[in-house]
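Undergrad: Once you've had a glance at the structure underneath, I'll fire off some questions.
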Amino acid sequence: VPPKHTLHSGIFHPVLRQWQSPNIEITVNNLMYPIFISDEKNAKEAINSMPDVYRYGINQLESLLEPLVAKGLQSVLLFGVSQHLDKDEIGSNADSKGNPIIQALPLLRRKFPNLLIACDVCLCPYTIHGHCGILNNDGSINNTDSIRRIAEVAVSYAKAGAQIVAPSDMMDGRISAIKHGLAAAGYSNKVAVLSYAVKFASGLYGPFRDASQSAPKFGDRKCYQLPPGSSGLAARAAARDVDEGADMLMVKPGLPYLDVVRHTKDAHPQYPLCVYQVSGEYAMLYHGAQNGAINLENVLNEILLSMRRAGADCIITYFTPLILDMLQPK
Ligand SMILES: NCC[C@H](CC(=O)O)[C@@H](CN)CCC(=O)O
Ligand SMILES: [Zn+2]
């Protein structure tokens, strides 16, 4: 074998193998933990379609987060779940005093001063029709009203203590609307905008919609989430949100879109890039392992490495507690 074609000489020792995969390690800094916060204050409700994931009431958050922060948790992504709050055409309870995110933020900022707190910004958990925007009478999206409302909600979360607002609505121009709203409210140097810039109309969101009771009551989200096959729209969406002032970008879902992760990182290397391992990806791995098809920790680690290798700087994953345990020194 020609000397330069012997690969085994570079991988026979674990340290050699470590050197062969530089700069894609998984650390606590590469993780963001999504948390469902219910308006039921003492709830800790199991979610059938997402084993080991719960809806937590505000009174459960400290006991949930204390041990995770002790293990190195650096950031969380909060999702409100409205079980008692009224739902209406414009999602009035997205930022009302009774909203669980509005209530949780001051508590989390006080109890966990070093934890970076991101909030998903969307109307679907609070609208009667379950869509991510405000609708015209014919059921189509009213984009102007939608981004005005989304920006209002983002500013409300900023005022309540959010350090990142992450609009998952996918309305056109919402990044600019939010950035202007934050600046007008005096928060332009206190809150980052993490854009769900490249979010596809995927079949992998089912468990989440079950968890947050936010499925559209009619139709679907194909008129505002990207067609799964469209790398052209993916590139345009990322470029547009960068142009509108996003501080960070996201590709979502994760595993079926790692080529898009790579293209997005290569096109915008100056921006931190998140990838969201969504609820359907979580459920597939969980049930596959439960049924003996794979070893969860080994395959999860392999998938996390693939996301890092594809260019993701941060991975949003429901497996965060397990990964924190995997990262603990042996
Ligand atoms: N705002 C929309 C929620 C959206 C998917 C959807 O329901 O269309 C995602 C949350 N940002 C779902 C995330 C997941 O499936 O884990
Ligand atoms: Zn939504």
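Undergrad: Mind telling me which of the residues Val28, Val53 ends up being farther than 21 Å from Met307 by Cα and either in contact (Cβ under 8 Å) with a residue 24 or more places away in the chain or under 18 Å from the mean Cα position of the chain (by Cα) (or both)?
TA: Unique residue meeting the criteria: Val53.
For every residue, the table says whether it meets (1) near ligand 1 (Cβ under 10 Å from one of its atoms); (2) free of Cβ contacts under 8 Å to residues at least 60 places away in the same chain; (3) not in a helix (DSSP H, G or I).
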residue	(1), (2), (3)
Arg149	no, yes, no
Ser176	no, no, no
Lys179	no, no, no
Ser188	no, yes, yes
Tyr205	yes, no, no
Ala215	yes, no, yes
Gly229	no, yes, yes
Gly232	no, yes, no
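Undergrad: Got a sec? Which strands (runs of 3 or more DSSP E) wholly within the range 1-105 have at least 1 residues that are at pLDDT 95 or above and among the aromatic types (Phe, Trp, Tyr)?
TA: Where strands (runs of 3 or more DSSP E) fall fully within the range 1-105 and carry at least 1 residues being at pLDDT 95 or above and among the aromatic types (Phe, Trp, Tyr), they are 31-38, 54-57, 75-81.
Undergrad: Can you go through Ala154, Ala104, Ala158 and tell me which one is touching a residue at least 12 places away in the same chain (Cβ under 8 Å), under 28 Å from Phe218 (Cα atoms) and of a type in the set (Gly, Ala, Ser)?
TA: Answer to the check: Ala154.
Undergrad: Which condition breaks for Ala238 when tested against (1) over 29 Å from Ala46 (Cβ atoms); (2) within 16 Å of ligand 2 (Cβ to nearest atom); (3) surrounded by 16 or more Cβ atoms within 10 Å (Cβ to Cβ); (4) among the hydrophobic types (A, V, I, L, M, F, W, C)?
TA: All conditions are met except number (2).
Undergrad: Is it the case that Ala162 is crowded, with 18+ Cβ neighbours inside 10 Å, away from ligand 2 (no atom under 16 Å from the Cβ) and assigned to a loop (DSSP other than H, G, I, E, B)?
TA: yes
Undergrad: Quick one: would you say Leu61 is hydrophobic (A, V, I, L, M, F, W, C), surrounded by 14 or more Cβ atoms within 10 Å (Cβ to Cβ) and either closer than 24 Å to Gln103 by Cα or over 21 Å from the mean Cα position of the chain (by Cα) (or both)?
TA: yes
Undergrad: Sticking with this structure for a sec: Going by the structure shown, is Pro113 more than 15 Å from ligand 2 (Cβ to nearest atom) and in a loop (DSSP other than H, G, I, E, B)?
TA: So Pro113 passes the test.
Undergrad: What single numbered condition from (1) away from ligand 2 (no atom under 15 Å from the Cβ); (2) under 22 Å from Pro34 (Cβ atoms); (3) modelled with pLDDT under 95 fails to hold for Ser188?
TA: Going through the list (1) away from ligand 2 (no atom under 15 Å from the Cβ); (2) under 22 Å from Pro34 (Cβ atoms); (3) modelled with pLDDT under 95, Ser188 breaks only (2).
Undergrad: Do you know which of the residues in the range 192-218 that are basic (Lys, Arg) and surrounded by fewer than 24 Cβ atoms within 10 Å (Cβ to Cβ) is nearest to Val76 (Cα to Cα)?
TA: Arg209
Undergrad: Considering the range 246-288 alone, what residues qualify as being within 13 Å of ligand 1 (Cβ to nearest atom) and assigned to a strand (DSSP E or B)?
TA: Once the filter is applied, which keeps residues that are within 13 Å of ligand 1 (Cβ to nearest atom) and assigned to a strand (DSSP E or B), the range 246-288 yields Met250, Val251, Lys252, Cys274, Val275, Tyr276, Gln277.
Undergrad: Can you confirm whether the range 148-155 contains a residue that is closer than 22 Å to Glu45 by Cα, over 21 Å from the mean Cα position of the chain (by Cα) and away from ligand 2 (no atom under 13 Å from the Cβ)?
TA: Checked against the condition, which is being closer than 22 Å to Glu45 by Cα, over 21 Å from the mean Cα position of the chain (by Cα) and away from ligand 2 (no atom under 13 Å from the Cβ), the range 148-155 yields no hits at all.
Undergrad: Name, by its number, the condition in (1) farther than 30 Å from Met326 by Cβ; (2) within 16 Å of ligand 1 (Cβ to nearest atom); (3) among the basic types (Lys, Arg); (4) in a helix (DSSP H, G or I) that does not hold for Arg221.
TA: (4)
Undergrad: To continue, here is another question. Take the residues in the range 258-283 that are out of contact with any helix residue (DSSP H, G or I) (no Cβ under 8 Å at 6 or more places or on another chain) and closer than 26 Å to Ala211 by Cα; name whichever of them is farthest from ligand 2 (Cβ to nearest atom).
TA: Among those residues, the one meeting the criterion is Cys274.
Here's the yes/no breakdown for (1) touching a helix residue (DSSP H, G or I) at 6+ places or on another chain (Cβ under 9 Å); (2) surrounded by fewer than 17 Cβ atoms within 10 Å (Cβ to Cβ):
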{"position": "Arg17", "(1), (2)": "yes, yes"}
{"position": "Gln20", "(1), (2)": "yes, yes"}
{"position": "Thr27", "(1), (2)": "yes, yes"}
{"position": "Lys44", "(1), (2)": "yes, yes"}
{"position": "Leu73", "(1), (2)": "yes, no"}
{"position": "Leu78", "(1), (2)": "yes, no"}
{"position": "Asn99", "(1), (2)": "yes, no"}
{"position": "Pro106", "(1), (2)": "yes, yes"}
{"position": "Ala118", "(1), (2)": "no, no"}
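Undergrad: OK, next. Would you check which residues across the range 289-321 are within 20 Å of Pro34 (Cβ to Cβ), touching a residue at least 60 places away in the same chain (Cβ under 8 Å) and in a helix (DSSP H, G or I) and list them?
TA: Passing the criteria: Asn301, Leu304, Arg308, Thr320, Pro321.
The values are calculated or read from the model by the stated rules, or taken from the named source; none is laboratory data. In this text the structure is predicted, and so the values were computed from the model without any measurement. Every residue, glycine as well, gets a Cβ built from its backbone with ideal geometry; the counts of neighbours run over all protein chains shown.
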